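Take a look at the structure set out below.
No value in this document is a laboratory result; all are computed from the given coordinates. Being a predicted model, the structure only gives us computed values, none of them experimental. So basically every Cβ, Gly included, is an ideal-geometry build from the backbone, and we count neighbours across all protein chains shown.
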Amino acid sequence: MKKTLCMLLIAALFTATACKKTNVEPATVNGQVEANWSSSAQYASWQNGGYTVYNNIWGSGAGSQSIWANSYSNWGIWANHPNTGGIKSYPNSTRYVGVALNSLNSCTSSFNVTMPSSGAWEATYDIWDSNNLYETMLWMNYTGNTDGSGNVKPISYNWSAAGNPVPVYTNLSIGGQTWNVFRGNNGSNDVFSFLRTSKTNSGTVDVKAIQNWIKGQGWFGNITLGNVQFGFEITSSYGTNGAGLNFTTNSYSVSYN
């Protein structure tokens, strides 16, 4: 009986140990909590809620970059791109509209981001017509200067003797915000860059108002609004001692009718 009792106690102790719940911290990837989707593939994409999230490492000389997403609205990347010139990537979340400008009643978009304090980058919209002939960039926050000089520069037809792009309009008020406007071509399509004169990590933009203004200049006609993208155009993100940098979209949405 004593032996049996001893064996029973040992068995009970083993069972209790085996069934004890162990608290496990969520897995992380480069400091980010593991999300609903993640990838390090160069052109990885994920569809969610009518949007597509892209990793989009398209530039030459790029380093490492990993993307994660809980939804089309909440996503981010860790990137370690070298301190060299040239755009390395444009990770983004995209919604396709597909409505002609004259038939579009309204189109707005809101965003909220957390940006690093170093590197060379823009938190920017990239807005396209359905034929990808016209590209409208809205630089909301960026490491360069509002006049287009600095470590990131917009595409422009005109350049100063100092090697800086020359805006075609300055302090232009559209959709309740103030912009410096640059016009150029990248060899494939026309590019209209609107640099917000007061940098911000959150806000709402009137996409239709900006597209209507461009149409009013005669730069394009009654285009069909295509992809409305928001993301991070990164030239360098080496970080401290090559640790890379984190870029986070806390929220993002596009509304139209």
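Specify the residue that is farthest from N102 (Cα to Cα); the eligible residues are those in region 204-257 that are of a type in the set (F, W, Y) and more than 16 Å from the chain's Cα centre (by Cα). The residue in question is Y238.
From the list I214, I234, I174, the one residue that fits, being touching a helix residue (DSSP H, G or I) at 6+ places or on another chain (Cβ under 9 Å), hydrophobic (A, V, I, L, M, F, W, C) and in contact (Cβ under 8 Å) with a residue 12 or more places away in the chain, is I174.
The residue list Y238, Y252 contains one member that is farther than 23 Å from Y51 by Cβ, hydroxyl-bearing (S, T, Y) and surrounded by 17 or more Cβ atoms within 10 Å (Cβ to Cβ), which is Y238. Of the residues screened, Q211 is one that is under 26 Å from Y256 (Cβ atoms), of a type outside the set (D, E, K, R) and touching a strand residue (DSSP E or B) at 6+ places or on another chain (Cβ under 7 Å). Might you check whether a residue that is aliphatic (A, V, I, L, M), surrounded by 14 or more Cβ atoms within 10 Å (Cβ to Cβ) and within 17 Å of A100 (Cα to Cα) occurs anywhere in region 165-181? No; the residues of region 165-181 include none that is aliphatic (A, V, I, L, M), surrounded by 14 or more Cβ atoms within 10 Å (Cβ to Cβ) and within 17 Å of A100 (Cα to Cα). Scanning region 214-244 for residues that are touching a strand residue (DSSP E or B) at 6+ places or on another chain (Cβ under 6 Å) and under 15 Å from S66 (Cβ atoms) yields a count of 6.
Summed over region 64-101, residues that are farther than 27 Å from I223 by Cα and touching a Ser or Thr at 6+ places or on another chain (Cβ under 8 Å) total 21.
Contact map, region 68-91: first residue without any contact (Cβ under 8 Å) to a residue 60 or more places away in the chain, second residue among the aliphatic types (A, V, I, L, M) and buried (at least 19 other Cβ atoms within 10 Å of the Cβ), Cβ cut-off under 8 Å, separation 6 or more or different chains; pairs are W68/I77; A69/V53. Checking each residue in region 108-124 for being surrounded by 22 or more Cβ atoms within 10 Å (Cβ to Cβ) and in a strand (DSSP E or B) picks out F111, A120, W121, E122, A123, T124.
Examine region 57-71 for a residue that is under 29 Å from K215 (Cα atoms) and out of contact with any helix residue (DSSP H, G or I) (no Cβ under 9 Å at 6 or more places or on another chain), and state whether such a residue exists. No, that holds for no residue. Residues that are assigned to a loop (DSSP other than H, G, I, E, B), over 30 Å from T248 (Cβ atoms) and not hydrophobic (A, V, I, L, M, F, W, C) do occur in region 198-220.
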